[in-house]
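Step one of this worksheet: look at the structure below.
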Amino acid sequence: MMVQGTLYIVSAPSGAGKSSLIQALLKTQPAYDTRVSISHTTRDKRPGENHAEHYYFVSNTEFETMIKAGDFLEYAEVFGNYYGTSHETIQKQLSQGIDVFLDIDWQGARQIREKMPTARSIFILPPSKDELKRRLQGRGQDSDEVIAKRMTKAVAEMSHYTEYDYLIVNDEFDTALNDLKAIIRAERLRLTRQKQRHDALVSKLLAD
């Protein structure tokens, strides 16, 4: 019997290093058993983006049809464009024994936990507000006004950390990455997964 994969919900304020940690984790795992969830979106494709690699690019009509059919685990409208996570796409990968990572905010995480209580959730915190601000400024992408708004939003987001199963403080990147790997390892050693994986062995060991 195929061992069921685990859905990991990962949330963090902007600048805490969530995406970098997920990408670094994926480089240490075989592609056949760990992947990042690919969302559906109605926004236009940007240069260098590919359908089914970065997003599933669909029309507004297609997206709204999927909403009516209840196809999304969660979805949201951001600046006039829809973004959503397909239930079918996630389930298909999990049923193949693949662990799937979903990079999402606390509101989306709450929607998903209601529909998939077996999902595991991880919240990533920065070591301090000063460091978070320094990282946001270091990107060189935003004005002081935008950074100030991001900082205010970050405090609101961080207040939801208690809703998650695991908490990682990303002070030193390699330590945080090892913490993330440890969570995945521990989840793969859970009794339910190990029973599936070693069913034949356990049967032989317990045979009279």
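Picking from PHE63, PHE57, PHE72, which residue would you name as being over 14 Å from the mean Cα position of the chain (by Cα) and within 25 Å of HIS160 (Cα to Cα)? It would help to see each step written out before you state the result.
Working: PHE63 fails: within 25 Å of HIS160 (Cα to Cα); PHE57 fails: within 25 Å of HIS160 (Cα to Cα).
Result of the check over PHE63, PHE57, PHE72: PHE72.
Out of the residues in the range 172-186 meeting the condition of being of a type outside the set (A, V, I, L, M, F, W, C) and surrounded by fewer than 17 Cβ atoms within 10 Å (Cβ to Cβ), tell me which one is farthest from GLN96 (Cα to Cα).
So the residue we want is GLU172.
Provide a single number: the residues in the range 146-202 that are outside any helix (DSSP H, G or I) and either within 19 Å of the chain's Cα centre (by Cα) or under 17 Å from ALA109 (Cα atoms) (or both).
At the first step, the residues of the range 146-202 found to be outside any helix (DSSP H, G or I) are 159-160, 164-172, 189-190, 198.
Still in the running and either within 19 Å of the chain's Cα centre (by Cα) or under 17 Å from ALA109 (Cα atoms) (or both): 159-160, 164-170.
Residues meeting the conditions: 9.
Taking the condition surrounded by fewer than 12 Cβ atoms within 10 Å (Cβ to Cβ) and closer than 30 Å to THR175 by Cβ, does ALA31 pass?
Values: surrounded by fewer than 12 Cβ atoms within 10 Å (Cβ to Cβ): yes; closer than 30 Å to THR175 by Cβ: yes.
In short, yes.
May I ask you to list the residues in the range 91-109 that are in contact with a helix residue (DSSP H, G or I) (Cβ under 7 Å, 6 or more places away or on another chain) and surrounded by fewer than 16 Cβ atoms within 10 Å (Cβ to Cβ)?
The answer is none; no residue qualifies.
Looking at the range 113-131, I want the residues that are touching a residue at least 24 places away in the same chain (Cβ under 8 Å) and of a type in the set (Ser, Thr, Tyr) and have a partner that is surrounded by 13 or more Cβ atoms within 10 Å (Cβ to Cβ) and in a loop (DSSP other than H, G, I, E, B) with Cβ atoms under 8 Å, at least 6 apart or on another chain. Which pairs are those?
The qualifying pairs are THR118/THR6; SER121/TYR164; SER121/ASP165.
Condition test on GLY140, is it surrounded by fewer than 16 Cβ atoms within 10 Å (Cβ to Cβ), small (Gly, Ala, Ser) and over 17 Å from PRO13 (Cα atoms)?
yes
Taken together, the values in this text are just the output of simple stated rules run on the coordinates, not laboratory data. Nothing here was measured: the structure is a model prediction, and the numbers come from that model. Virtual Cβ from ideal backbone geometry, glycine too; neighbours counted across all protein chains shown.
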